[in-house]
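Take a look at the structure set out below.
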Amino acid sequence: MASNEAARRAAQLRKQIADYDYWYYVKDSPHVPDAEYDKLFQELQALEEQHPELRNIHDSPTQRVGGKPLDIFPQVAHTVSMLSIRTETDISDQGAIAFDTRVRKELGLNENDLMVEYSCELKFDGLAINLRYEQGELRRASTRGDGTVGEDVTQNVKHAIHQIPLTLTGCDAPVLEVRGEIYMSRKDFASYNEKQRAQGLPTLVNPRNGAAGGIRQLDPALARKRLLSFFAYGLGDIQGWDKPATHSGVLDALDKMRIPVCDERAVVKGAQGLVEFHRRIAALRDQLPFDIDGVVYKVNSIELQERLGFVSREPRWAVAHKFPAEEQITVVRDIDIQVGRTGKLTPVAKLEPVFVGGTTVSNATLHNEDETRRKDVRIGDTVIVRRAGDVIPEVVGVVLDKRPADAGKPFDLFHLMHGKCPVCGSAIVREEGEANWRCTGGLFCPAQRKQALLHFASRRAMDIEGLGDKLVEQLVDGDIVSTPAGLYKLDLATLANLERMGEKSAQNLLQAIARSKQPTLARFIYSLGIRNVGEATAKDLARHFGKLTNLMHADETQLQRVPDVGPVVAQSIVAFFGEKHNVDVIKDLLDEQRGGVRPKESEAEPVEELPLAGKTFVLTGTLGIPREEAKEKLEALGAKVAGSVSKKTDYVIAGAEAGSKLDKARELNVPVIDEQQLLDLLRAR
C-alpha cells in the first residue's frame with residue numbers, strides 16, 4: 001500500500017498540474033516553463049508506477065496520455081434530452097425584435113411593463129457535447145446524437161481537450177452535467193492543415209468538420225492531433241447542486257469551476273439590447289479566433305424560462321439569431337487565370353452565382369495550382385464556397401459525389417495557358433519551392449504596369465521624385481504610359497492637364513525624370529524589378545559584371561559565381577532577360593531618341609554598408625502589410641529574405657496564424673519577432 005506521504009504528494013501534484021493546465025489551456029497564460037511542468041508530470045507518473053492504487057482513473061492528468069483505440073463508440077442515453085433551439089431566419093435587426101415580441105406576448109407583458117432581461121452569447125460552429133461530472137469528477141462525455149441518445153466519447157475528450165477539467169474546482173455535487181461546444185480555432189485549423197499538406201495528407205474543409213470528425217476518431221491519438229477546444233453554454237442533469245437564479249449566473253458559476261466559458265457574452269434588456277449585441281458581434285465576427293454563425297439569446301431568469309416552457313421540443317425562452325452564411329454550395333462553370341500586379345497567376349473559379357457571406361458571389365479564388373490540384377477542382381464540379389467578411393471568396397472543397405460524368409480534366413495551369421501569360425503572352429515560370437506561376441514580362445505586362453512603374457521610380461531605384469501612386473494611376477488608366485520607357489517621352493502639356501498637376505508640379509516632375517537618366521548600374525538593375533533581386537543583390541551583380549550587356553547575356557552558371565546568388569535567383573534573372581518584351585523595354589530605355597538612360601556601367605559601384613547586410617530573414621503567417629512589400633523593404637536595407645528556416649536564419653518574422661516555419665524557428669532557437677517589431681526595425685533604419 002502507498003504510504004501517507006506518497007498519497008499526499010500525488011494529490012498535491014494532481015492539483016498543481018491541474019492548475020497549470022487551466023492557466024495554459026484555458027487562460028492562454030502559462031505560469032511555469034515547459035521544463036518545470038514536465039518535471040512535475042514525470043514525478044507523478046513515477047509515483048503512480050510505484051503505487052498503482054494512487055492512479056485515480058477519473059482525475060489523474062496522467063490518464064490524458066496514451067489511450068487505446070476503440071472498436072466502436074458505445075451508445076449513451078441522455079438523462080435530460082439535448083434539445084436544439086429555434087433559429088431566427090431574419091438576419092436583420094427584426095430577428096431580435098421578433099424574439100423579444102414573442103417572449104413578451106407569452107409572458108403576458110404589455111408596453112408599460114419592464115423590459116425582459118436576456119443573456120446573450122455566441123453561437124459556436126462546432127459539435128455539441130455533454131460532460132457528466134459525479135462528485136466533481138468527469139465520468140462521461142457524450143455527443144448530442146439525436147438529442148435522446150448520443151455516443152460515448154469520454155476517452156477522446158480526456159485525451160484531446162485539455163481545456164476540459166477532469167475535476168471541478170469548488171464543486172463535488174453528486175451529478176452536474178455541463179453542456180457546450182467542441183470547436184477548432186482558426187489558428188489550430190490552419191496549423192493542422194499546413195502539417196497535413198507538408199506530409200501529403202488530406203486536409204480539413206473547415207473548422208466545424210475538424211471538430212466533429214476529430215472527436216469521433218476511434219484512436220484518441222488521432223483525436224488529439226486535431227487541437228480541439230471547448231466552451232460551455234448550459235446544463236443538463238443536476239443533482240445536489242443549487243442552481244443560480246439566472247442563466248448568466250450559471251455561466252459565472254461554471255467559470256469559477258474552471259470550466260471554459262466564452263468571455264464574449266453580455267446581459268442586456270429589451271429588444272434594443274439584443275439588436276446592439278447582434279450588431280456588435282457581427283462587426284467583431286472576423287476578428288474572433290474561432291468561427292461562429294450567429295448569436296444566441298436566452299431569457300436570463302430561470303423562473304421565467306420555466307414559465308415559458310417548450311414548444312415542439314424547442315425552448316420558447318431561447319433563439320439562435322444567425323449571421324449571413326459564410327459557406328454555400330454552387331457549381332464551377334469555368335476556371336480563369338488572373339494576373340496580379342506582381343505577375344502572380346491565380347486560378348479563379350467562375351461560379352453559378354450564389355448568395356454567401358451577405359453578398360452574391362460569382363467568382364472565387366483557387367489560390368494556386370497546388371491548391372487547385374489538391375482539392376481536385378474541375379469545371380462542372382459542385383463546390384463549397386466560403387466568404388467571411390471582406391475576405392475574397394474561396395473554394396474550400398469539392399462535393400465529389402455530385403461530380404458529373406463529363407467534368408473537366410485535372411487542373412494543369414501551364415498547359416491550360418500553353419506556357420504563356422494570358423494578359424501579355426510572355427513566358428510563365430514557376431521557381432523551385434514556389435507555389436505560384438508568374439509572368440516573366442514584368443516591364444511589359446499590362447497587369448503589372450502600375451507596380452512596375454512605381455518600383456522603377458522608387459527612391460532606391462531611379463529615384464524619380466513626385467511620381468507617386470495617384471499619378472501612376474492616371475498615366476496607366478489614361479493609356480499615357482505603358483512601360484517605364486514611356487516616362488521619358490512625357491511632355492509639359494500632357495502632365496499639366498492631369499488631375500492635381502499644375503504647370504509647376506509638371507515641370508518639377510520632368511526635371512526629376514531628366515535627373516534619373518544617369519543612374520548607377522546597381523540602381524538601374526534594381527529598378528527593373530527582377531524577381532528575387534533586391535537592392536543588395538543588384539549591387540553585387542553590378543560589381544561583378546560591370547556592364548549591363550554582360551549581365552543580360554549571363555547564364556545560370558555564370559550568375560551563381562556572384563556572392564549570395566543561388567539557383568533560384570539565377571533562374572529569375574535568366575527568365576527575365578530571356579523574355580523578349582523585357583529586352584525591348586530595356587532597349588527603349590537605353591535608346592538616345594526614346595529614353596536616353598545611360599547607366600554608369602564602367603564605374604565600380606561604391607560599397608555601401610547597409611544596416612541589415614548579412615542578415616537573413618524568413619516571413620511566415622499573415623502580415624498587415626503585403627508580404628512582397630515587407631520583403632522589398634528588408635532587401636532595401638541589405639537583408640536577405642529566405643523561403644525556409646535554417647540554422648543560418650537570423651530572424652523569423654511571424655504574423656497571424658504562423659505555421660510550421662514558426663515551429664521550426666522555435667526548434668532551432670532562431671529569434672522570432674512580430675510585425676510591430678519589424679515595423680520598429682524598419683523605422684529605426
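Where a number appears in this text, it was derived from the coordinates with a stated rule and is not lab data. All of these numbers come straight from a predicted model, not from anything done at the bench. Note that each Cβ is placed from the backbone with ideal geometry, even for glycine, and that neighbours are counted across all protein chains shown.
Here are a few things to note about the model shown:
- Taking the chain and dividing mean pair separation by its residue count, relative contact order in percent (alpha carbons under 8 Å, at least six apart): 9
- Packing-based exposure ordering (other Cβ within 10 Å, fewest first) of Val391, Val319: Val391, Val319
- Top positive-direction residue, dipole computed over the chain with Cβ charges, set Thr494, Leu274, Met184: Thr494
- Fully extending the segment from Lys647 to His415 would add 79.7 nm, taking 0.36 nm per residue of separation and subtracting the current Cα-Cα distance.
- Efficiency of FRET from Cβ geometry, Arg9 and Arg280, R₀ 41 Å, rounded to 0.05: 0.25
- Angle in degrees between helix 93-107 and the longest Cα principal axis of the chain, rounded to the nearest 10: 10
- Of Val399, Val423, Val149, farthest towards positive along the dipole that unit charges on Lys, Arg, Asp, Glu beta carbons give the chain: Val423
- Between helix 4-21 and the chain: long-axis angle, C-alpha atoms, 0 to 90°, nearest 10: 50
- What you get for region 446-590, charging only the Cβ of Lys and Arg (+1) and of Asp and Glu (-1), is a dipole of about 360 debye around the Cα centre.
- Rounded to the nearest 20 debye, the dipole size of region 616-684 about its Cα centre is 280 debye, using +1 on the Cβ of Lys and Arg and -1 on the Cβ of Asp and Glu.
- Virtual paramagnetic centre 7 Å along Cα→Cβ of Ile72, amide N under 18 Å, in region 197-222: 216-219
- Residues in region 323-359 that a label on Val399 would reach, taking backbone N under 20 Å of a point 7 Å out along Cα→Cβ: 324-335, 349-359
- Region 275-327, relative contact order in percent, only Cα pairs under 8 angstrom and at least six apart counted: 38
- 12 Å beta-carbon shell around Leu201, net charge (K/R +1, D/E -1): +3
- The chain: angle of helix 627-636 to the longest principal axis, Cα-based, in degrees nearest 10: 50
- Answer label for mean projected area of the Cα convex hull in nm² (calculated), chosen among (1) 43.8; (2) 31.9; (3) 38.9: (3)
- Per-residue extension of 0.36 nm, minus the Cα-Cα distance of Glu601 and Val311, leaves a gain of 95.9 nm for this segment.
- On the beta carbon distance between Trp241 and Arg373, with R0 = 51 Å, the FRET formula returns roughly 0.40.
- Among Leu274, Leu222, the order by Cβ neighbours within 10 angstrom, fewest to most, reads Leu222, Leu274.
- Each of Val652, Gly624, Leu668 was scored by the projection of its Cα onto the charge dipole of region 616-684, and the greatest displacement toward the positive side belongs to Leu668; charges sit on the C-beta of Lys, Arg, Asp and Glu.
- Taking region 133-148 and a reference point 7 angstrom along Cα→Cβ of Leu218, the backbone N atoms nearer than 19 Å belong to 143.
- Pairwise centroid distance, computed over Cα atoms, of region 355-382 with region 106-169, Å: 35
- Span from the region 502-562 Cα centroid across to the region 616-685 one, whole angstrom: 26
- Distance from the Cα centroid of region 463-497 to that of region 34-54 is 72 Å (rounded to whole angstrom).
- Relative contact order of region 446-590, pairs being alpha-carbon contacts under 8 Å that are 6 or more residues apart, as %: 22
- Rounded to the nearest 20, the Cβ-based charge dipole of the chain about its Cα centre (Lys and Arg +1, Asp and Glu -1) stands at 880 debye.
- Taking other Cβ atoms within 10 Å as a rough exposure proxy, Ser458, Ser229 sort from fewest to most as Ser458, Ser229.
- Cα gyration tensor category, rounded, prolate or oblate, for region 88-196 with a/c compared to 1.5: oblate
- A cysteine counts as unpartnered when no other cysteine's C-beta lies under 4.7 Å of its own; in the chain this applies to Cys120, Cys171, Cys262.
- Computed over neighbours whose Cβ is under 13 Å from that of Ser92, the net charge equals -1, Lys and Arg +1, Asp and Glu -1.
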